[in-house]
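Taking it in order: structure first as structure tokens, then the write-up.
Rule-based calculations on the coordinates, nothing more; no lab input. As the structure is a computational prediction, the values presented were derived from the model and not from experiment. Because the Cβ atoms are built from the backbone with ideal geometry, glycine has one as well, and the counts that use them run over all protein chains shown.
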Amino acid sequence: MYSGAAAAGPPRRDFISVTLGPEEVVGVSGYNNSKAWRRRSCWRKWKQLSRLQRSVILFLFAFLAVCGVISYTSMGEAWKSITNKSVDDQRTEQEIPRLKLANPAVLPAPQKADANHGDYPELSLQKPPKPPHVRRGPSNLQIKAPRGDMRLKTQHDTMRAVEELVEADKVEKTEKSIISWRGAVIEPDQSTEPPSSKIMEPEKPSSVEAEDQKEPVPINERQLAVIEAFRHAWKGYKDFAWGHDELKPLSKSYSEWFGLGLTLIDALDTMWILGLKEEFEEARKWVANDLVFDKNVDVNLFESTIRILGGLLSTYHLSGDSLFLEKAKDIGNRLMPAFKTPSKIPYSDVNIGRGTAHPPRWTSDSTVAEVTSIQLEFRELSRLTGDEKFQKAVDEVMKHVHTLSGKNDGLVPMFINTNSGQFTHLGVYTLGARADSYYEYLLKQWIQGGKKENELLEDYMRAIEGVKKHLLQRSEPKKLTFVGELAHGHFSAKMDHLVCFLPGTLALGAHNGLAADHMKLAETLIETCYQMYAQVETGLSPEIVHFNLHAQKGHKDVEIKPADRHNLLRPETVESLFYMYRFTGDKKYQDWGWEILQNFNRYTRVPTGGYTSINNVQNPSNPEPRDKMESFFLGETLKYMFLLFSDDIDLINLDKYIFNTEAHPLPIWVPA
Ligand code: DMJ
């Protein structure tokens, strides 16, 4: 017997001797007694255990109890979410089995900013409100095999790329992800207050909800051609310029501007949108392991904001991968010294390693477009981090510019002094270089913030009136409406290709409820931008054109000066074509874009990989390649091409996203 054995053994300090009465002997007691005996026997055994043993057992019991409580609660919630549904939620329910069957994405599902990489949030069970005016289309595009009638104009490696895509499609069909791969939308609970000096709680990234797990829209042949072009450009970058700023495709080398892998970062969200998972993963690894901002290097505040900060933020929103937010915070903080100026108008350059900033060597001026086209990105960074300093700094710039004198019916000069905060070089007005994106960001900030910041809208509306009054003219012989420039009261019929962002911006404004005549103007201006390509020998636009104001025999509308006949693979016209197609559905815009893509392929494609800027758009037999592929070709031009050719309005839904000036989509805080 235990007790006997215990009693008989040598007394140990942590054992208690027990003397048993007769009723405590097994077999003598009845059932109750036997239970009581067993209890006592257990108690004795328990007492015979060492302290350590007892502690371990107690700990295990406590642990199991905690686990039990947790699993009970989460099962209860899951059950509730499935059973507590309104009639409206039926669709969500139907989706549950489909979502559950799906395999995890190759890339991580969207997650909270602070969540672990690879965690899957329970987004799929939520039912967001449906915007009534939005046609719901599939956002979860799968790369489909090309159709039999496909006739791509690109050659051999196009077909190889197509075969790869077919393969990718097969794999993808078995790897449908819980979340959609593209076309993420914003959860209703991500709407934020309008911007104010008070910054709200840190925000979650945009993500795909159950509602958007729809039938995939097949990728069409033109989109496939864009994918092929992207892969060709990427091949050159990967082979000869990996991790550097820009590819020099002819010399098979690279150039550095900031030394921060500019092309790679600019291209991240394009790869996501095009569905290039492998390439994206490889680039992500580079960002994780090799992208270091702690460098003694001067960067341009505007360029690094729109390309790097913007690119990281949008990739964070699309992928949900917190790596990109961490990197965005890092570069955002390092850019902040630029705002330490007497006027709070930021300097153009920042040393991101030393934390010092300065204007260009020859002046204390900054460019107006540069200081007023960093707002979307810094405001979003504040929203995501909960740190108001980013938004405060850029809002102050806008408020200040709003009050400045020196405007001409809303049109702004091109320079602003960082000491006095006043415009300089008064009297010259353009919608081209150095002023362009000021106008773009007035509208886009207003939309980003939920259409509540009236000063931005006022400035935008006034500026468009200023454009109409001072800068619009019609050319001969085709009577194309174009946007010229004004210098000290003299009109110049010069128009930068950069101005071709304007039709898209006007259309976006009209879509958001602004004057209908903005849309009319957008339609006439996009025709002009297209003619800047169509009237040129290579079918590619030069950097700058001069329009003929008087009909002359044998002269076209468009004249090109020798110094202006280069093409840098710029996106503005394709960008506007994308907006125009989204808002009108008129297929001619897609056809124009298709022509442009073919001409890029014809005159700027380098057989060994990559595309190059050219020096002479007027010479089809020798367009004089410049040996440089700008990062915006991957960041913007090809992205807008792909979106232009898509018939899926949920592929970056324009009621939910606003593109920064480098084509990086950021969420609208209060979606329409
Ligand atoms: C890009 O960096 C941006 O679109 C910017 O707003 C203007 N210049 C280039 C593309 O042309």
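A simple spin-label model places the labels of Lys520 and Arg51 9.2 nm from each other, with each point 7 Å out along Cα-to-Cβ.
Modelling each spin label as a point 7 Å along the Cα-to-Cβ direction, I'd like the Ser405/Lys295 distance in nm, to one decimal. Distance between the two pseudo-spin positions: 4.5 nm. When +1 charges are put on Lys and Arg Cβ atoms and -1 charges on Asp and Glu Cβ atoms, the dipole computed for segment 515-672 relative to its Cα centre reaches about 340 debye. Remark: segment 466-481, residue by residue, has Karplus-estimated 3J(HN,Hα) of x, 4, 4, 6, 10, 10, 7, 9, 10, 8, 10, x, 8, 6, 7, 7 Hz, where x stands for each Gly or Pro and the curve is 6.51 cos²θ - 1.76 cosθ + 1.60 at θ = phi - 60°. Rounded, prolate or oblate: which fits segment 497-648 when a ≥ b ≥ c are the square roots of the eigenvalues of the alpha-carbon gyration tensor, with rounded for a/c under 1.5 and prolate only if a/b beats b/c? Since a/c reaches 1.5 but b/c is at least a/b, the shape of segment 497-648 is classed as oblate.
Positive contributions from Lys and Arg (+1) and negative ones from Asp and Glu (-1), summed over other residues with Cβ under 15 Å from the Cβ of Thr424, come out at 0.
The calculated FRET efficiency for Ala551 paired with Glu278, based on their beta-carbon distance and R0 = 56 Å, is about 0.55.
Assign one of three labels to segment 343-479, namely rounded, prolate or oblate, based on the Cα gyration tensor with a ≥ b ≥ c the square roots of its eigenvalues; rounded applies when a/c is under 1.5, prolate when it is not and a/b is larger than b/c, and oblate otherwise.
oblate
Which parts of segment 522-566 would a label at Thr481 reach, counting a residue when its backbone N lies under 13 Å from a point 7 Å out along Cα-to-Cβ? Hits in segment 522-566 for Thr481 at 13 Å: 522-529. Among the listed pairs Lys452/Lys656; Lys329/Lys639; Lys329/Lys392; Lys469/Lys494, those with a Cα-Cα distance over 18 Å are Lys329/Lys639.
Residue order for Ser475, Ser613, Ser314, fewest other beta carbons within 10 angstrom first, comes to Ser613, Ser475, Ser314.
Which of Val368, Val428 comes first, and how do the rest follow, when ranked by fewest Cβ neighbours within 10 Å? Don't skip to the answer; put the middle values down first.
Details: Val368 24, Val428 18.
Least crowded to most crowded, the residues run Val428, Val368.
Taking other C-beta atoms within 10 angstrom as a stand-in for reagent exposure, His518, His317, His470, His425 fall in the order His425, His470, His518, His317, fewest first. Going by a ≥ b ≥ c, the root eigenvalues of the Cα gyration tensor, does segment 543-607 fall in the rounded group (a/c under 1.5), the prolate group (a/b larger than b/c) or the oblate group? Taking the square roots of the gyration eigenvalues as a ≥ b ≥ c, segment 543-607 is oblate. Between Glu215 and Lys587, the FRET efficiency estimated from the beta carbon spacing at R0 = 30 angstrom works out to 0.85. Note on Ala288 and His425: their simple-model spin labels are 4.5 nm apart, each label 7 Å out from Cα toward Cβ.
Average 1/r across all pairs of distinct alpha carbons in segment 518-573, invert it, and you get the Kirkwood radius: 12.2 Å.
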